[in-house]
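Chemist: What follows is a single structure, and I will ask about it in a moment.
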Amino acid sequence: MQEVVDSSSISSTQFLPALLRTWDLVGFTLGGLVAGEGTFVVTTASETFADGTPKLRFVFEVKMATRDRPLLQALHAFLGRGSVYDRPRRKPNWEPITTFNIVSRQSHHAVTIPFGTRYLLPCEKRRQFELWRDAMISYEAETAAHRPKRGRSPCSIPGCHKPVRGRMLCRSHYYRATGY
């Protein structure tokens, strides 16, 4: 094998910190956009729990004039979650609006909370984000205690705890009842 002559003295690992700095630069830039134009909102969902208590929705949203849609698309691409959609102008002299939002609590845990924690600098929006995040976490803890455990129902025959196949009966009781 021949040795490489006149190879670069810069290793590929030296580029990694520069790449991370570039990624952080984009993140902090988008964090500034969120600090200026973003909202963290808690709303009531249209449906309620079985006991009648209202379900809450946690929404992260950024609204801007449609002419600035590329900024919202950049935020969408950076986070990898959410939706970007357009609304027509509400009055003749107003601009049409483009909105980026994330509503899924799973997405909030995956991207919104890590993004806000890392890229929102200390400011009023950071404080609002932290209150919103803490409210969502405590809401999830409170509702988890009232939520029934997911899984298959047990057979309706007293003393049988096998999972239901159909007609609220386990496989063996279903066979006895139907012959199938």
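None of the figures in this text is laboratory data; all of them are computed from the coordinates on show. Treat the numbers as computed from the prediction; the structure is a model and nothing was measured. When we count neighbours, we look across all protein chains shown, and the Cβ atoms used for this are built from the backbone with ideal geometry, even at glycine.
Chemist: Between Val103 and Gln73, what is the spin-label point distance in nm, taking each point 7 Å from the Cα along the Cα→C-beta axis?
Modeler: In this crude label model, Val103 to Gln73 measures out at 2.4 nm.
Chemist: Suppose the chain between Thr117 and Val42 were pulled fully straight at 0.36 nm per residue; how much longer would it get relative to their current alpha carbon spacing?
Modeler: Values: separation 75, 0.36 × 75 = 27.00 nm, distance 1.84 nm.
The span from Thr117 to Val42 would gain 25.2 nm if fully extended.
Chemist: Show that you can apply the helix-only estimate: for the chain, add -39,500 (n - 2.57) for every DSSP H stretch of four or more residues, divide by all residues, and state [θ] at 222 nm to the nearest 500. List each step's numbers first, then the result.
Modeler: On the way: 5 runs with 72 residues, N = 180.
The helix-only estimate for the chain comes to -13000 deg cm²/dmol at 222 nm.
Chemist: Right, next: In debye, nearest 20, what is the charge dipole magnitude of the chain about its Cα centre with +1 on Lys and Arg Cβ and -1 on Asp and Glu Cβ, if you could check? Don't jump to the answer; show the numbers that get you there.
Modeler: Values: 26 positive and 15 negative charges, 260 e Å.
Magnitude of the dipole: close to 1240 debye.
Chemist: What percentages, rounded to whole numbers, describe P(r) for segment 78-150 computed over all alpha carbon pairs with 5 Å bin width beginning at zero?
Modeler: 3, 13, 17, 17, 16, 13, 11, 6, 2, 1, 0
Chemist: Divide, for segment 107-180, the radius of gyration over alpha carbons by 2.2 N^0.38 Å, where N is the residue count. Walk me through the numbers before you get to the answer.
Modeler: Working: Rg = 23.0 Å, N = 74, 2.2 N^0.38 = 11.3 Å.
The reported ratio for this selection is 2.04.
Chemist: Apply 1/(1 + (r/R0)^6) to the Cβ-Cβ distance of Val59 and Arg176, taking R0 = 35 Å, and write down the FRET efficiency to the nearest 0.05.
Modeler: Numbers: r = 51 Å, r/R0 = 1.46.
After rounding, the FRET efficiency stands at 0.10.
Chemist: Which of these, Ser156, Ser138, Ser107, has the largest mean-square fluctuation under a Gaussian network model of the chain (Cα springs below 10 Å)?
Modeler: Sorting by GNM fluctuation, first place goes to Ser156.
Chemist: Okay, moving on. What angle do you read, to the nearest 10 degrees and between 0 and 90, between the alpha-carbon axis of helix 69-79 and the longest principal axis of the chain?
Modeler: 60
Chemist: I want to verify a result. In a Gaussian network model of the chain, Cα cutoff 10 Å, which of these has the top mean-square fluctuation: Leu75, Leu56, Leu30?
Modeler: Leu56
Chemist: Still on this structure: Just to be sure I understand, if you calculate semi-axes √(5λ) of the Cα gyration tensor in Å for this structure, which of [x] 40, 16, 11; [y] 46, 30, 18; [z] 40, 17, 15 do you get?
Modeler: Here the calculated entry is [y].
Chemist: Continuing with the same structure: Once you've got the GNM for the chain with C-alpha springs shorter than 10 Å, pick whichever of Val34, Val26, Val62 has the biggest mean-square fluctuation.
Modeler: Of Val34, Val26, Val62, the most mobile in the Gaussian network model is Val26.
Chemist: How long are the three semi-axes of the equivalent ellipsoid of segment 42-130, in whole Å, if each is the root of 5 times an eigenvalue of the C-alpha gyration tensor, listed from largest down?
Modeler: Working: eigenvalues 121, 82, 32 Å².
Result for segment 42-130: semi-axes of 25, 20, 13 Å.
Chemist: Next up: Name every cysteine in the chain that ends up alone, with no second cysteine's Cβ under 4.7 Å, or say none.
Modeler: If one checks each Cβ against the other cysteines of the chain, Cys123 turn up with nothing under 4.7 Å.
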